[in-house]
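> Submitted below is the structure of interest, expressed as structure tokens.
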């Protein structure tokens, strides 16, 4: 494992970390909204690397140790985040990589596959959805109201109280756990604690909520040539299962792996299944 490294990319700072042998096929892990790279669990990354892959995880803007902007401001688009991901490949001198994106990370991967296809060998989209501007026309189900109601309390939290914030974030993660699994309190609490301590500005993560679809990307998934694997929990309450079906319908040749009883998560119970699938897909 390489220690965390700060790279100057696109006029900003991006923090990265790698696992495994740089001579192995490269897998770029792209995390979702409001989450730094720590949510790609270290053990998961190492096990994926041990399968024979060079694994890179990184902090998007406004999370972790990457550049953070004033909370409540909008300074970039999803396309900009895709450019940052390409910049990470440049920093490691990687011409083409296998992309594995979680949630928003999967949408960032889609932008890369459309706009810079020469950099993308394959895509694996975990708990993700279509990136565009017209979700309403597809009648895709929305996020569970219970999750929105829980996070409506964020404004009343004392964000200077690290223990209270850790409990709040961990309890929010518990809402994403599917019925097939037991919520791993210790692992998630360790992740959120690391998140709090690493963050340049923890509240800046909420800037991701200001990201929106982009009109010039609508309807362009049919252009994707990269072999695509969609992995999705049957009980995802953030991006319900219908979002996976929409991806498979719109991306040519996309395959679907359903995680029965899983939610909006990469639960340790599913690691063997997910790592085996990524290894096979990236051969």
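Here, each number is a calculation from the coordinates, and none is a lab measurement. Computed from a predicted structure; not experimentally measured. Glycine gets a Cβ as well: all are built from the backbone with ideal geometry, and neighbour counts include every protein chain shown.
> Ranked highest first by average number of other Cβ atoms within 10 Å, how do 34-42, 263-271, 69-77, 221-229 line up? Mind showing how you got there, number by number?
Numbers: 34-42: 22.4, 263-271: 20.9, 69-77: 13.6, 221-229: 18.1.
Top to bottom by mean Cβ count within 10 Å: 34-42, 263-271, 221-229, 69-77.
> For the stretch 82-189, what log10 I(q)/I(0) values come out of the Debye formula at q = 0.10, 0.23 1/Å, with one point per alpha carbon and no solvent?
For the stretch 82-189 at q = 0.10, 0.23 Å⁻¹, log10 I(q)/I(0) is -0.46, -1.13.
> Kirkwood-based Rg over Rh for the stretch 111-168 (C-alpha set), two decimals? Don't skip to the end; give the middle numbers.
Working: Rg = 18.0 Å, Rh = 15.5 Å.
Ratio of gyration radius to Kirkwood radius for the stretch 111-168: 1.16.
> Return P(r) of the chain (all Cα-Cα pairs; 5 Å bins starting at 0; whole %; ordered from short to long distances).
Reading the bins upward from 0: 1, 6, 13, 18, 21, 19, 14, 7, 2, 0.
> Given only helices, namely DSSP H runs of n ≥ 4 each adding -39500 (n - 2.57), what is the per-residue ellipticity at 222 nm of the chain, to the nearest 500 deg cm²/dmol?
Details: 8 runs with 89 residues, N = 283.
Using -39500 (n - 2.57) per qualifying helix, the result is -9500 deg cm²/dmol.
> Report the rotationally averaged projected area of the stretch 180-283 based on its alpha-carbon convex hull, in square nanometres. Intermediate results must be reported in sequence, preceding the final value.
Details: hull surface 34.9 nm².
Convex hull of Cα atoms, orientation-averaged projection: 8.7 nm².
> Given Cα positions, please report Rg to Rh for the stretch 31-84, the hydrodynamic radius being the Kirkwood one. Before the final figure, lay out the partial values.
Details: Rg = 13.3 Å, Rh = 12.5 Å.
Here the Rg-to-Rh quotient is 1.06.
> Antiparallel versus total DSSP beta bridges in the stretch 5-281: what percent is that, nearest 5?
Working: 9 of 32 bridges.
Of all bridge pairs located within the stretch 5-281, approximately 30 percent are antiparallel.
> Based on the Cα gyration tensor of the stretch 1-118, what are the three equivalent ellipsoid semi-axes, each the root of five times an eigenvalue, rounded to whole Å and given largest first? Write out the running numbers ahead of the final one.
Values: eigenvalues 92, 49, 34 Å².
They are 21, 16, 13 Å, listed largest first.
> How big is D for the stretch 148-233, in µm² s⁻¹ as a whole number, if Stokes-Einstein is applied with the Kirkwood radius of its Cα pairs at 37 °C and 0.692 mPa s? Mind showing how you got there, number by number?
On the way: Rh = 16.0 Å.
It comes out at roughly 205 µm²/s.
> Moving on to the next point. Given 25 °C and 0.890 mPa s, compute D for the stretch 56-101 with the Stokes-Einstein relation, Rh being the Kirkwood radius over Cα pairs; round to the nearest whole µm²/s.
Details: Rh = 11.8 Å.
Translational diffusion coefficient: 208 µm²/s.
> Modelling each spin label as a point 7 Å along the Cα-to-Cβ direction, I'd like the residue 190/residue 156 distance in nm, to one decimal.
3.3
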